[in-house]
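Here's the structure we're looking at; comments come further down.
The values are calculated or read from the model by the stated rules, or taken from the named source; none is laboratory data. Not measured: the values here are computed from a predicted model. Using ideal geometry, Cβ is built from the backbone for each residue, glycine included, and neighbour counts are taken over all protein chains shown.
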Amino acid sequence: MAINIYQDKIFALQTKNNSYLLKKDENGLLSHVYWGKRIDCIADFDETTQRSENSYHLHVDQTMEEYAPFGGMRYKETALKLEFCDGTKDFRYRLTGYEADENRLELILEDVFYPCRVRLIYQVYEAEDIIRRHTVVENFGTEDIVLEKCASAQFGLAGCDYRSIQFNGTWAKEFFRQEDSVRGGKKVYESMRGSTAHVANPCFILHREADEEKGEVYFGLLAYSGNFKVTVEATPYDWTNVVIGINDTDFSWVLKPGESLETPAVYAGYSAEGFTGMSQRLHRIQHRYLMPKKLADQPLKVLYNSWYATYFDVRCEEQKKLAEKAASIGVELFVVDDGWFLGRKDDTRALGDWTPDPDKFPNGLNELIDHVKSLGMEFGLWIEPEMVNENSRLYREHPDWIYRFPNRSVLKGRNQYVLDLTKEEVVSWMIGMLDKLLSDHDIRYLKWDMNRAIGENGVYGKHSAEHKMMWHTHMLNFYRVVKTLRERHPDVEIEACASGGGRADLGAMTYFDEYWTSDNTDPLDRLSIQESYSLLYPAKYMRAWVTDSPEERKVSLRFALHAAMCGSLGIGCNLNALRREELELLKEQITVYKKIRMTVQFGELYRLKSFETDGIQAVEYLRGAEGVVFAFLPAGRYGKNPYCVKLRGLRADGTYRVNCQGRVLEKSGAYLMEVGIKIQLHGDYDSCMIQINNMV
Ligand code: GLA
């Protein structure tokens, strides 16, 4: 049983290795009492947790509440803030009941006077050591209730001696790992851009002296692609308060009588085995439960994307030539990026007019699609449905379909406006437009982009509380569009992109088959981005392309290929400009990749070495009897060779065949993990791939 309840007051959520315990305390508060390694005897927690209080520090503020409402002399970060119709802003709750089955627990907190109830819902994934939490607020009265904050979850961690990791990036510098001590006040990680964006990821990672192999790590990821807020607060009472959910800045939600609001979910866990334990738990839950089912068990195809080859200058004949080259090197999916639709010559025009440009495709898009299919590949297309350019038919016909204020000029980002998805007619248009595009053409893949943040935080002609519902309404309708599309076209694979990696989150994962990790395809930068990214998300969800080397850094094609083979491989080079030997190398490595991609995309991932600390980077993937390791040297140092890479996750008593730089070794798992493999890496930008096979 994953849920154990002791005397109707102690609630234990038990996973394979961990316990998460809550308690109704002597003051009627629902408090968090323990999270860590598994403890089965939950009766041991039946003891008083009363702290001494004085007029400035009442127990409500001191208690590690499981879901603290604003007010009532609480000054810590709270999870819920609401206002009843008479102006009362104080949810005074009692735990009035619970429902439990094998893996699910629901705790009901009800106001002592007003007709309002909060349901805290827990789903336990025993084998994966993950708890999913979300919250539902219900109005069962006859007057409106206005929610001003409604987080998905709150967590209390004993002590304040944690370090907090976040990814404070920008465009082309996604997943830039930052680490700080938790001590002293609050840390807030958030997005107010109407999307996940690049500046932070909707997650918390708190650890105590953890490294890849050991140390305690607490973590939680929010399944949401809109404005989010994560607050980490060192309380003066020696515990750390974490609140995660929809951002309450400019948020409001009117609950009419009989209505309820369901928050996005948080997937949380505890690892006593450092960051590897965290990543592997997260990757497993994503593979098993979050990814869209259709492709969840299948490896992603090797794709070619012509963006970097032709940019906006898309022409049918040129694309056909690229497609022929792509097919000849083993590509399985040919993708035309931006520039294919009516009048799109540059980024100042045409967004919104999603019909193939007759100047570029005089015989329609199907001519190219048929050619691509005749070469044995599938066809894919770039699209950015949430946006419109001023210079477009769509905008000329519907200038009122964008977010705007009446007496202000509309803000532009990349020359474009954001469509007002709170309007039902816009939602219907979007579904209809996408449905038609996919019905008229045999398109098997979409790269769904979003290239600007929302700037006008208002809905034309609406006011006050309802006005502030636009952020979340936008997200719900965005998800509805993608969901409807997927139901109507279940065979279409969809990749999420937002100026690179601006939409990498578990909310998007529910609807998209993969993420575009970053527009930065420089292999060295990419390896750093990929290393941080892999802390949270699996390699399958990390689309990685080989592109032509940028001017500022000439990296060998093999190095670039190996870097991209660490995720779901794509090719973005100008194939028409490559030399024969380069095309041959691409072909050779694509063949290799197809043999190892199940291991890379579905294997357990181990970060073995990091540029920052070791001078080289090495990453291992292990799936059943098969393993693969990639190692990278950015810059050779005199006298440094050979480099020793110790493997992880093997059976100590197993025998392994290791294929490494032309040598075939047979070694025990114990040897490979304790002594390691010696590899020769020379000069600048050298790399190698090692294959491992468990023989017995
Ligand atoms: C964004 C994406 C790129 C590319 C361009 C096209 O920047 O991140 O990958 O698709 O748009 O305009």
Task: Verdict on LYS229 being charged (D, E, K, R) and farther than 25 Å from GLU179 by Cβ - done: no
Task: Of all residues in the range 121-156 being of a type in the set (Gly, Ala, Ser) and not in a loop (DSSP other than H, G, I, E, B), the one that is farthest from HIS472 (Cα to Cα) - done: GLY156
- [ ] State all residues of the range 458-499 that are within 15 Å of LEU381 (Cα to Cα) and modelled with pLDDT under 95; if no residue qualifies, say none.
- [x] none
Open item on the list: So in the range 210-229, with the set limited to residues that are among the aliphatic types (A, V, I, L, M) and in a loop (DSSP other than H, G, I, E, B), which one is surrounded by the most Cβ atoms within 10 Å (Cβ to Cβ)?
Closed with: ALA210
TODO: Go through (1) more than 29 Å from VAL217 (Cα to Cα); (2) touching a residue at least 40 places away in the same chain (Cβ under 8 Å) and name the single condition THR96 misses.
DONE: (2)
Open item on the list: So for the range 267-276 (the condition being buried (at least 18 other Cβ atoms within 10 Å of the Cβ) and either free of Cβ contacts under 8 Å to residues at least 40 places away in the same chain or closer than 26 Å to ASN520 by Cβ (or both)), does at least one residue qualify?
Closed with: yes
Open item on the list: With the structure loaded, tell me whether ILE690 is within 20 Å of MET565 (Cα to Cα) and surrounded by 14 or more Cβ atoms within 10 Å (Cβ to Cβ) or whether it fails that test.
Closed with: yes
TODO: Go through (1) within 16 Å of the ligand (Cβ to nearest atom); (2) not in a loop (DSSP other than H, G, I, E, B) one by one and return the number of the condition LEU351 breaks.
DONE: (2)
TODO: Considering each of VAL232, VAL188 in turn, give the residue that is part of a strand (DSSP E or B), without any contact (Cβ under 8 Å) to a residue 60 or more places away in the chain and within 18 Å of TYR162 (Cβ to Cβ).
DONE: VAL188
Task: Options LYS321, LYS345; residue that is within 30 Å of PRO299 (Cβ to Cβ), surrounded by fewer than 22 Cβ atoms within 10 Å (Cβ to Cβ) and either at pLDDT 95 or above or touching a Cys at 6+ places or on another chain (Cβ under 6 Å) (or both) - done: LYS321
Open item on the list: Anything in the range 326-337 that is touching a residue at least 60 places away in the same chain (Cβ under 8 Å) and either within 12 Å of the ligand (Cβ to nearest atom) or under 33 Å from the mean Cα position of the chain (by Cα) (or both)? List them, or say none.
Closed with: ALA326, ILE329, GLY330, VAL331, LEU333, VAL335, ASP337
Task: Residue count, the range 600-645 (criterion: small (Gly, Ala, Ser) and farther than 19 Å from ASP684 by Cα) - done: 4
- [ ] Looking only at the range 407-448, count how many residues are charged (D, E, K, R), within 16 Å of the ligand (Cβ to nearest atom) and not in a loop (DSSP other than H, G, I, E, B).
- [x] 1
Task: the range 627-655, subset modelled with pLDDT under 95 and among the charged types (D, E, K, R), residue surrounded by the fewest Cβ atoms within 10 Å (Cβ to Cβ) - done: ARG637
Open item on the list: Residues that are within 26 Å of ARG284 (Cα to Cα), among the β-branched types (Val, Ile, Thr), buried (at least 21 other Cβ atoms within 10 Å of the Cβ) and out of contact with any Gly (no Cβ under 6 Å at 6 or more places or on another chain): does the range 564-580 have at least one?
Closed with: no
Open item on the list: Just to check your reading of the model, which residue among LEU368, LEU303, LEU295, LEU375 is away from the ligand (no atom under 15 Å from the Cβ) and either without any contact (Cβ under 8 Å) to a residue 40 or more places away in the chain or crowded, with 20+ Cβ neighbours inside 10 Å (or both)?
Closed with: LEU368
TODO: Name every residue in the range 158-175 that is within 16 Å of the chain's Cα centre (by Cα) and within 12 Å of ALA197 (Cα to Cα), in order of residue number.
DONE: PHE167, ASN168, GLY169, THR170, TRP171, LYS173, GLU174, PHE175
Task: the range 1-33: number of residues that are aromatic (Phe, Trp, Tyr) and under 27 Å from the mean Cα position of the chain (by Cα) - done: 1
Task: Residue pairs meeting the criteria (Cβ under 6 Å; at least 6 apart or on separate chains; first assigned by TED's automatic domain parsing to the domain that holds PHE155 and more than 17 Å from PRO264 (Cβ to Cβ), in the range 115-127; second buried (at least 20 other Cβ atoms within 10 Å of the Cβ) and charged (D, E, K, R)) - done: ARG117/GLU110
- [ ] Of all residues in the range 306-319, count the ones that are under 27 Å from PRO550 (Cβ atoms) and more than 16 Å from the ligand (Cβ to nearest atom).
- [x] 2
